[in-house]
Structure formats: structure tokens, C-alpha cells
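Working notes for the structure below.
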């Protein structure tokens, strides 16, 4: 029995091959692109967090200056403990500069292994500039509705016009995984603050 042809391409063994079925290299997200020599975009986990309960709107105070209520601060502290029990850590945390978001981010600082920064891009509707800031492996974003719902819709469905389908309760967390681009991510979990506080 001649074993010399084992493993050789079929055409080298004298067999006819349909050109549609010839073997081609398979692209991998973990290897350099053989043509461009660049790595595919890495998978990122993004935690979209709505700020905790804040004092109500008032004609006497600027909206951006509203702080968390004592109750909101206490409940969010328990929710952060729930995230910790789940083993969730962030290598970056980006928050809106508005006071209630900044205070929510500060209370979650124990979960952050890297930098915590404020970005005005989280105090407005989501843009391509915001998506460009989503660098890292596990990134937390703290902001406001309706813009966070629009951001989740943009990342999951590719259109921020569907934002009403992804409402976030105060202190709620949308956990996404994928490529940080329009339509490039999927849901891992939607965690309400009540669920996180119940973690034991």
C-alpha cells in the first residue's frame, strides 16, 4: 500500500477537485491578518451603568448639580457589593461629569483596577467619538437615560433609534460583550439594582 499520498492535496493524488471547495486560510480574531498584518479587534466587555437615585429635579438647582440621595447612595453601595460578589472588575471606568454620575462612579471605585475618568460624551446622545473611547478589556460607563439606552441599542442593534427598547433603572447595569462598534455587541446580562442588592 502506497502511503506517500496521504495528507497531500487531492489534485496531487490525481483526483479532480471542484475549485469551489479548495481549502482557504481561515481568519482568526487571535492571529495577524495574513494580508494586512494586523490583529482583528479584540472582544471587550462593557458594563453600562445608570447613576443611582438622585434628588428630584428642581427649578432652583442646575440639573447637572443634582447629588445622590442618602437612600440612593446606601442602595448603590449594596449593589456594588453584589457586583463584587459576582467577581466583576473593571480595568477602566468612564463617567459623566454630572454630579450624580460622578458620585455613582466614586462608590464603585473599589471594583476598578485602572483609571477612572470623566467624559462629557456620557452627558449627551452617543456618538462615534464615545465608541472610540471604549478601549480596554472590561470597561464600565456611568451615565444617564435616555442616552444609555440609546448607547446599548447602538452597540447591540446598530441604531440608537431603538433606545426605548433598553431602559435602565437607576443603579441598573447592562453587561455587553463583543466588538465596541455599532451592532458589534451582544447581551451577557441585564442586572437591576434590586438583583445586585440581593446577591449573597
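The values are calculated or read from the model by the stated rules, or taken from the named source; none is laboratory data. This is a predicted model, so every value here is computed, not measured. Quick reminder, even Gly has a Cβ in these numbers, built from the backbone with ideal geometry, and neighbours come from all protein chains shown.
When the residues of the range 171-193 are filtered to those that are more than 15 Å from the chain's Cα centre (by Cα) and crowded, with 20+ Cβ neighbours inside 10 Å, which remaining residue is nearest to residue 140 (Cα to Cα)?
Within the range 171-193, the match that is nearest to residue 140 (Cα to Cα) is 171.
Quick check on my filter: what residues within the range 67-84 are touching a strand residue (DSSP E or B) at 6+ places or on another chain (Cβ under 9 Å), surrounded by fewer than 19 Cβ atoms within 10 Å (Cβ to Cβ) and either modelled with pLDDT under 95 or farther than 23 Å from residue 117 by Cβ (or both)?
Passing the criteria: only 69.
Any residue that is in contact with a helix residue (DSSP H, G or I) (Cβ under 7 Å, 6 or more places away or on another chain), surrounded by fewer than 16 Cβ atoms within 10 Å (Cβ to Cβ) and on the phi < 0 side of the Ramachandran plot - is there at least one of those in the range 98-109?
Looking for residues that are in contact with a helix residue (DSSP H, G or I) (Cβ under 7 Å, 6 or more places away or on another chain), surrounded by fewer than 16 Cβ atoms within 10 Å (Cβ to Cβ) and on the phi < 0 side of the Ramachandran plot, one finds none in the range 98-109, hence no.
Pick out the one residue from 168, 141, 130, 134 that is under 11 Å from the mean Cα position of the chain (by Cα) and buried (at least 20 other Cβ atoms within 10 Å of the Cβ).
On inspection, the qualifying residue turns out to be 141.
Can you run down the residue pairs with Cβ atoms below 7 Å, 6 or more apart or on separate chains, where the first is in the range 138-154 and free of Cβ contacts under 8 Å to residues at least 60 places away in the same chain and the partner is part of a helix (DSSP H, G or I) and buried (at least 21 other Cβ atoms within 10 Å of the Cβ)?
So the pair list comes out as 146/163; 149/163; 150/163; 153/163.
Looking only at the range 50-72, count every residue that is out of contact with any helix residue (DSSP H, G or I) (no Cβ under 7 Å at 6 or more places or on another chain) and either assigned to a helix (DSSP H, G or I) or within 21 Å of residue 167 (Cα to Cα) (or both) and tell me the total.
6
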